[in-house]
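First up is the structure itself, then whatever we jot down about it.
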Amino acid sequence: AQSVAQPEDQVNVAEGNPLTVKCTYSVSGNPYLFWYVQYPNRGLQFLLKYITGDNLVKGSYGFEAEFNKSQTSFHLKKPSALVSDSALYFCAVRETGAGRRALTFGSGTRLQVQP
Amino acid sequence: GAGVSQSPSNKVTEKGKDVELRCDPISGHTALYWYRQRLGQGLEFLIYFQGNSAPDKSGLPSDRFSAERTGESVSTLTIQRTQQEDSAVYLCASSLGTGGSYEQYFGPGTRLTVT
């Protein structure tokens, strides 16, 4: 069975500082990994994904994530946070191959960027 | 182009009534997914459709839940004899296929409140 853990319910960071939102996963085989962001009263928006290749993945709005197979992690990062980055962030995993087709999501991390 | 749309955006119903939720996927997307998001929680997979293949219903929580999809277009999620624990936001997503590299695009959701 596949699972995702986001150990922090909330992350607080000052505007202009770097941010990290943590995610660890568990799958039987190789993972496909995704980050989504949810703004208030809006649906989830895709940020970035890891499929294969370079461990550092760059996505929308200046976000990036680093895939670490040995630590089974896929932490989301941004060098300089903006107040407008404040939102709910979800990490998701899907096992490659003929496994379950749907994504398994973490419980979400609320990012609060203070001016 | 147009994104995934869902209707209604909000639905309040009395316990015991049936409700029907609608999803219009992005044109050309062969895969369609339904998820449930309870307040303060992550997304819970319900069901997915891929072309003419049999749907994966493994996430449906009870036999009160059912869903249909007409070809590769509209899908409806039906909840019979609603219960208070069914109160949640129901999210629909579509993707070009169910290959793991395809990201899912989400609609804005239907907020269901069972009184």
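Using a Cα-Cα cut-off of under 13 Å, which aspartates and glutamates could be cross-linked to A:K58, ignoring same-chain neighbours fewer than 8 residues away?
A:E66
Could you check the spin-label model distance between B:Q41 and A:E8? Points 7 Å from the Cα along Cα→Cβ, value in nm.
About 2.5 nm separates the two model spin labels.
Given the peptides B:54-63, A:45-54, arrange them by the average over their residues of other C-beta atoms within 10 Å, most packed first.
Top of the packing list down: A:45-54, B:54-63.
What's the extension gain from B:A2 to B:R22 if we count 0.36 nm per residue and subtract their Cα-Cα distance?
Contour length minus Cα-Cα distance gives 5.6 nm.
Once label points are set 7 Å from the Cα along Cα→Cβ at both A:K58 and B:T13, what is their separation, rounded to one decimal in nm?
4.7
Which entries in A:K49/B:K57; A:K78/B:K57; A:K49/B:K15; B:K11/B:K57; A:K22/B:K17 show an alpha-carbon gap greater than 32 Å?
A:K78/B:K57; A:K49/B:K15; A:K22/B:K17
Give the whole-number value, in cubic angstrom per residue, of the convex hull volume spanned by the C-alpha atoms of the protein assembly as shown.
Value for the protein assembly as shown: 124 Å³ per residue.
Report Rg(Cα)/(2.2 N^0.38 Å) for segment B:5-95, keeping two decimals.
Against the compact-globule rule of thumb, the ratio is 1.03.
Multiply the residue gap between A:A1 and A:V83 by 0.36 nm, knock off their C-alpha separation, and tell me the result in nm, one decimal place.
Between A:A1 and A:V83, full extension yields 25.9 nm more.
Could you work out Rg/(2.2 N^0.38 Å) for chain A, with Rg from alpha carbons only?
1.02
Count charges around B:T70 for me, please; just the other residues with Cβ under 12 Å from its Cβ, Lys/Arg as +1, Asp/Glu as -1.
Result for the local shell: -1.
Just so you know, all these numbers are worked out from the coordinates, no wet-lab data involved. Since we're looking at a predicted model, the values are computed, not measured. Here the Cβ is made from the backbone with ideal geometry for all residues, glycine too, and neighbour counts use every protein chain on show.
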